[in-house]
1. Packing-wise, with mean Cβ within 10 Å as the measure, how do C:67-78, A:177-188 rank, highest first?
2. Quick one: Karplus J couplings for the range C:62-77, per residue in order, coefficients 6.51, -1.76, 1.60, θ = phi - 60°, nearest Hz, x for Gly and Pro?
3. Using amide H atoms built in the peptide plane, which far-off residues or other-chain residues are under 5 Å from B:Leu294 H to H?
4. Where a ≥ b ≥ c are the square roots of the eigenvalues of the C-alpha gyration tensor, would you call the range B:52-202 rounded, which needs a/c under 1.5, or, failing that, prolate if a/b is larger than b/c, or oblate?
5. Give a quick list of trypsin sites (Lys or Arg not before Pro) in the range C:119-160 that DSSP marks as loop, anything other than H, G, I, E or B, with at most 15 other Cβ atoms within 10 Å.
6. Express the C-alpha Rg of chain A as a ratio against the empirical globular expectation 2.2 N^0.38 Å, rounded to two decimals.
7. In a GNM of chain C with a 10 Å cut-off on Cα contacts, which of C:Pro54, C:Pro241, C:Pro169 has the highest mean-square fluctuation?
8. Quick one: which residues, 5 or more positions from C:Glu146 or on another chain, have an amide H under 5 Å from its amide H? H modelled 1.01 Å from N in the peptide plane, none for Pro or chain starts.
Amino acid sequence: MDQLLQHLVNGLVLGGTYALLGIGLTLIFGLMNVVNFAHGEFYTLGAYVAFAALTLAGVNFIVGILAAIVAGAALGWLCEVTLLRPLRNESIDTTMLVMIGVWIAMQNGELLVWGGVAKSIPHPFPTAPLVMGPVAIAPLRVIVLVLAVGLIASSWLLIHQTKLGRAMRATFQDRDTAALMGVSIGRVHAATFAFGSALASAAGALLGPVFLAYPSMGDLASLKAFSVVILGGLGNLTGATVGGLLLGIAEELGAGYISSGYRDAVGFVIIIMVLVLRPSGLFARQERIG
Amino acid sequence: MTALGRGLLAAAMVTLPFWLADPYYLHVVIMAGIFGVLALSLNLLLGYAGQLSLGHAAFFGIGAYTSALLTLKREWSFWPALAAAIALAAAAGWIIGRLALKLRGAYFVLVTISFAGVISLVSVNWIELTNGPLGLPGVPAPDLGPWSLRTKAAYYYLVLAAVALSYAVCRRLVRSRIGRAFVALRENEPLAESIGVDVTHYLVLAAVVSAAMAGLGGSLYAHYTRFVSPEVFLFTYTVTMVIMVVAGGKGTLAGPLVGAVLFTALPEALRLAASWQWQMLAYGSLLVLLVFFLPRGIVPQIVASFSGHPRSAPTSRTPLQ
Amino acid sequence: MTLAVSDLAVSFGGVTALDGVSFTVRPGSITSIIGPNGAGKTTAFNAITGYLQPTAGRINYDGAALTGLRPSAIARRGVVRTFQRTSVFPSLSVADNVLTGLHLSSTAGFLDVLVRRRWLVLEESSLHTDVEEIIGFVGLGHRRDEMASTLPYGEQRLVELALALAARPRVLLLDEPGAGMTGAEKTVVSGLIRQVREQGVTILLVEHDMRMVMGISDTVIVLNHGRVIAEGTPGEIQAHPDVIRAYLGAPRGAA
Ligand SMILES: Nc1ncnc2c1ncn2[C@@H]1O[C@H](COP(=O)(O)OP(=O)(O)O)[C@@H](O)[C@H]1O
Ligand SMILES: [Mg+2]
């Protein structure tokens, strides 16, 4: 029982960052219909930017995370404008291939800049765990969870309370109608990709100090983000939030009670199960024949 | 290609070890052949049936492990182990085909990639069987009757035969009603059904044949490098296959082979000039450039420029599906 | 040989597209379904040809149920449809479109192809003869080697018709074959439909062009809001008060 509580708490911390990753991807996938295999590379980018800011520039922890967010948004925006915008009317496979190319290029770019050795990202918080009854948790993890929740809440506000958010939701509902109503689809797509990438980057900056930063850390992050999206439904913010938390907890439980070697299999199994059992259920936009 | 050209090419292939004696070059050619088999296999699904599998390394890896385990632990000889590798990969293809039947586009991709992810984790974690991350060294070289195919030249002929066989299978299929049914599914699935094409049957068939061929490639790889580890499941292998097919020309017979030769030789050539990371960086950028500037691939481009038609397609980018 | 639809109902979520539709299509006839946009005509086609599962009702052909069968199995039984939206194999030539459409006229299985059985050559060459015959029939001989997606709209619709004919239908369901065509093209299509019927194929036609419908149909069925409101000969339908009110509209006086 005590063990279970501990797993749940760890899972929540992990799940908060998965939710950030998932929200970013679900917006990009749902709204732009882009299968963004480079999503995890923005996560990696965030971790390295935080590393650079904290060690090389020696800034404050929060500033480091802000730097990661800004970098993610800037690179995401650039990516959309240069690579995706010209392909907006192409098939989903075409943009997917491009994003696979971006993924490989970014990952090896990072490898060239930072080398293959994992970097540990310094943080100012005490390492002694806080003990609350049966549960022990490092202060850093508490901070990470709090910041993740804060970022999720800000995303909510952005989508539901701002003009940009309204344009995004309209585009998601029906791109053509939104365009007719004066929404600039180009701007919405660029903003969506920048925003989604910024969230991925933030997730990397948050989890980086908990674990380590290394160039291939984004591979699994992408796939986990995809399982969150599939679990939560395409373009569904609540779904991605809940899905992220569920995935985090499921992974911790899987690692704790089954085998730690299969921790990463949880996401894969979720993807297969959900897609095979409910192929149209979670994201039904049934095509019309005729 | 004219009959003369074809004859010259065949003669060059058959005599290759005699004029390309340098073992390093022979090695590159053998790897190109193995990747040729893999690219042909992926092309059947991606280029003809219109389904992008990003889990192809799983079929490759299953072939490699099956062959390695049977020869190492059960002391089977190469040929039955090869047959078993092909059969097991085909069975995996059948499972994926059945599982992903209702899924198209991105969702098919995600299921195949997840399948490969799970298999890869099994190879790392099922230590009693696979020896985990340490892998299985000492996979024996194949024999052919009294001869061992230990030398590079001998192995070259084995790989050449495999390429020829795979090519022949692809060619016969795509020029038959079966290949036409694959293409019909790629071009317009509801229309294909309306003229009587059984989607289930043909998608599963495409997945099974494609996986079997990838299993063949895996077995050849295992007995050539004599070592199998979870690295065979690396996503890099899948991406390499995709690049070969897309660059060479998906949905053409020669395209995957051209792509395989090019993208085996190119990294080797670059190796002298740049580190692995630079190469991969170039690979990624190249994939992006290909989509932008050579969307149909090299072979269709050459065919179009020879036949004098100004890039016959009205929309220059043929969608994948 | 009769196609019989009884008590067919289809609903999408809350929307009822078809509600207790029954009709039979007499063998060898040209039967038309007319009705305003959204009446449920395409939905009826989709249900008959297995593209969607009806909420209720039965569809029988030749005494056996079609309900629950996949589209390809229904096509195999001789019930073949075309689509309202132009539907061809875009990057194949006209000849390859038709060759692909002949799928059901050939039998070669995987192993036959793999070992290249001798009779395959004969089968393929007879398919190629059929291709020429069908292309000639719809009058696309001059477009034989052109890519289907590059053809003008009217000719793409002819490719579609050729594809459906290649499947050797016994009942052919045509969903607005004349839509978007010029008057001359429509005349050609009407002629083709008649010729197909003369070869013994039963036709079920959805069409908005009243001149075409009234000119070639033996029976006309009128659908409105998912229900059959009238059925009869073209003459009876044109005089039917409900039909005039619901569909034809008094001022237009279509005929
Ligand atoms: N796949 C679908 N999902 C939801 N509603 C549909 C679908 N297909 C058709 N409908 C609805 O069913 C009704 C009948 O449509 P349809 O059969 O296409 O009409 P028609 O072909 O007579 O113009 C319409 O109200 C249409 O909006
Ligand atoms: Mg209609």
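The values are calculated or read from the model by the stated rules, or taken from the named source; none is laboratory data. Fair warning: this is a prediction, and the values are worked out from it, not measured in the lab. With ideal geometry, Cβ positions are generated from the backbone for all residues, glycine too; neighbour counts draw on all protein chains shown. Quick note on the areas: whole protein, heavy atoms, side chains included, nothing else; ligands and nucleic acids left out. Shrake-Rupley method; radii C 1.70, N 1.55, O 1.52, S 1.80 Å.
1. Per-residue Cβ counts within 10 Å, averaged per peptide and sorted highest first, yield C:67-78, A:177-188.
2. 6, x, 10, 6, 9, 4, x, 7, 6, x, 5, 5, 5, 4, 4, 7
3. Under 5 Å from the amide H of B:Leu294: no residue qualifies.
4. Oblate.
5. C:Arg144
6. Normalised Rg, Cα atoms only: 0.99.
7. C:Pro241
8. Close amide H contacts, sequence-distant or interchain: C:Val94, C:Ala95.
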